[in-house]
Amino acid sequence: MPTTATPTDLHQLEHASFLEEVHSFEFWFQSVEGYLSGTSYGHRAATRDEAPTGADRERLINVLCNYCFGETTALEGASGLVAIAPNHLAKVFLATQVADEGRHLEVLLHRLRELGVEKPEEETERRTSESLKSFRRRLLELVHGKDWEAAIFAQNVILESLEFAVFRTHAATADPVTAEVLEGIIKDERRHIGFGENELGRRIGGSPHIRARLDRVRDELDHLVLGMLEHTAGEIGVERAERTTLARSYLASVERLGFR
């Protein structure tokens with residue numbers, strides 16, 4: 001059973017106990033309680049809705065539709081990964097991630113309805129970029145092919161790192177409700193990225209063939225990711241000169257695993 005260690009105690013645990021703790025439902029319950037308590041659909045009732053209008057509203061809807069598609073992709077990917085996970089700790093963690101991704105999708109669809117979108121699922125399909133659709137197809141191929149390392153790399157490192165970088169940038173300038181929704185999602189993305197980095201870091205250390213395969217996956221997916229990033233950055237108003245910084249934020253997560 002998890003030890004329910006305090007945050008201070010966590011890093012004093014030996015490695016197996018640390019994983020048992022941070023991959024548990026108990027840890028997940030404590031984490032989400034800290035930032036979801038008192039919220040409804042990802043934001044507090046007291047948060048003033050200052051939704052944009054006109055062209056700004058249209059751009060926000062475009063972006064949120066792409067976010068919804070990305071979260072649907074992550075939901076499908078994580079749920080498929082549960083079946084091929086190599087041990088119970090990974091299965092339990094991915095079960096918590098499935099719950100996270102389902103919540104993210106729910107709150108983003110709700111935000112679209114708050115913005116007056118009557119059929120957000122249909123708008124999501126219509127407005128999503130082709131790069132993101134291509135990424136989804138490739139991720140699910142890796143999951144269905146039971147390639148654990150490559151699928152985790154694509155899902156919990158590449159996709160989650162992209163979302164983390166974009167959501168954090170967007171939250172800094174978004175309207176108050178959208179910003180609060182995104183900030184809650186960002187807290188989950190940190191956990192998901194940490195799982196991917198920890199899982200792959202242990203596996204590729206002494207396995208050159210795994211690193212070589214993931215290098216090929218990255219080469220295949222990077223142009224799609226950077227295409228998605230460029231598309232979204234334009235919609236949320238990131239100046240062209242600042243987009244390099246946003247791209248570097250995404251690339252930094254991949255590079256922590258030793259990929260260049």
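Suppose we keep only residues that are among the acidic types (Asp, Glu) and under 23 Å from Pro52 (Cα atoms) within the range 138-181. Which one would you say is farthest from the chain's Cα centre (by Cα)?
So the first thing to find is which residues in the range 138-181 are among the acidic types (Asp, Glu), and the list is 141, 147, 149, 160, 163, 175, 180.
Applying the additional criterion that residues be under 23 Å from Pro52 (Cα atoms) yields 163, 175, 180.
Working: Glu163: 5, Asp175: 21, Glu180: 16 Å.
Per the criteria, the residue is Asp175.
In this structure, is Asp188 within 24 Å of Ala78 (Cα to Cα), open to solvent by 10 Å² or more (accessible area, probe 1.4 Å), of a type in the set (D, E, K, R) and out of contact with any Cys (no Cβ under 7 Å at 6 or more places or on another chain)?
Numbers: within 24 Å of Ala78 (Cα to Cα): yes; open to solvent by 10 Å² or more (accessible area, probe 1.4 Å): no; of a type in the set (D, E, K, R): yes; out of contact with any Cys (no Cβ under 7 Å at 6 or more places or on another chain): yes.
Answer is no for this residue.
Of all residues in the range 231-260 being assigned to a loop (DSSP other than H, G, I, E, B) and open to solvent by 40 Å² or more (accessible area, probe 1.4 Å), which is farthest from Leu60 (Cα to Cα)? Talk me through it step by step, then tell me what you get.
Applying the first criterion (assigned to a loop (DSSP other than H, G, I, E, B)) to the range 231-260 yields 236-239, 256-260.
This time we only want the ones that are open to solvent by 40 Å² or more (accessible area, probe 1.4 Å), so: 237, 239, 256, 258, 260.
Details: Gly237: 10, Glu239: 16, Arg256: 32, Gly258: 35, Arg260: 33 Å.
Among residues in the range 231-260 that are assigned to a loop (DSSP other than H, G, I, E, B) and open to solvent by 40 Å² or more (accessible area, probe 1.4 Å), the one farthest from Leu60 (Cα to Cα) is Gly258.
Applying a threshold of 6 Å to beta carbon distances and a minimum spacing of six or more residues, or different chains, the list of pairs starting in the range 211-229 at a residue that is open to solvent by 10 Å² or more (accessible area, probe 1.4 Å) and ending at one that is in a helix (DSSP H, G or I) and at pLDDT below 90 reads Arg211/Ile204.
If I filter the range 100-113 for residues that are open to solvent by less than 30 Å² (accessible area, probe 1.4 Å), in contact with a helix residue (DSSP H, G or I) (Cβ under 7 Å, 6 or more places away or on another chain) and not in a helix (DSSP H, G or I), do I get at least one hit? No, every residue in the range 100-113 fails to be open to solvent by less than 30 Å² (accessible area, probe 1.4 Å), in contact with a helix residue (DSSP H, G or I) (Cβ under 7 Å, 6 or more places away or on another chain) and not in a helix (DSSP H, G or I). Candidates are the residues of the range 77-94 that are in a helix (DSSP H, G or I) and surrounded by fewer than 17 Cβ atoms within 10 Å (Cβ to Cβ); the one that is modelled with the lowest pLDDT is His88. Please enumerate the residues belonging to the range 58-85 that are under 21 Å from Leu142 (Cα atoms), over 16 Å from the mean Cα position of the chain (by Cα) and free of Cβ contacts under 8 Å to residues at least 40 places away in the same chain. Those that are under 21 Å from Leu142 (Cα atoms), over 16 Å from the mean Cα position of the chain (by Cα) and free of Cβ contacts under 8 Å to residues at least 40 places away in the same chain: Val82, Ala83.
Touching an Asp or Glu at 6+ places or on another chain (Cβ under 6 Å) and on the phi < 0 side of the Ramachandran plot: is that true of Glu199 in this structure? Show your work before the answer.
Numbers: touching an Asp or Glu at 6+ places or on another chain (Cβ under 6 Å): no; on the phi < 0 side of the Ramachandran plot: yes.
Judged against the criteria, Glu199 is not a match.
Considering the conditions (1) surrounded by 14 or more Cβ atoms within 10 Å (Cβ to Cβ); (2) out of contact with any Lys or Arg (no Cβ under 9 Å at 6 or more places or on another chain); (3) part of a helix (DSSP H, G or I), Ala174 is excluded by exactly one of them, (3).
Starting from residues that are among the acidic types (Asp, Glu) and at pLDDT below 95, keep the ones in the range 137-163 and report whichever is surrounded by the fewest Cβ atoms within 10 Å (Cβ to Cβ).
If we filter the range 137-163 for residues that are among the acidic types (Asp, Glu), which is where we start, we get 141, 147, 149, 160, 163.
Subsequent filtering for residues that are at pLDDT below 95 retains 160, 163.
Details: Glu160: 28, Glu163: 26.
That would be Glu163.
A search for C-beta distances below 6 Å between a residue of the range 28-48 that is farther than 13 Å from Arg103 by Cβ and any residue that is of a type in the set (A, V, I, L, M, F, W, C), counting only pairs 6+ apart in sequence or on different chains, returns Thr47/Val177.
The values are calculated or read from the model by the stated rules, or taken from the named source; none is laboratory data. Because the structure is predicted, anything quoted here is derived from the model rather than measured. For neighbour counting, all protein chains shown are included, and Cβ atoms are generated from backbone atoms with ideal geometry for every residue, glycine included. The protein model used for the area step is the full one, side chains on, heavy atoms only, and it has no ligands, DNA or RNA in it. Shrake-Rupley method; radii C 1.70, N 1.55, O 1.52, S 1.80 Å.
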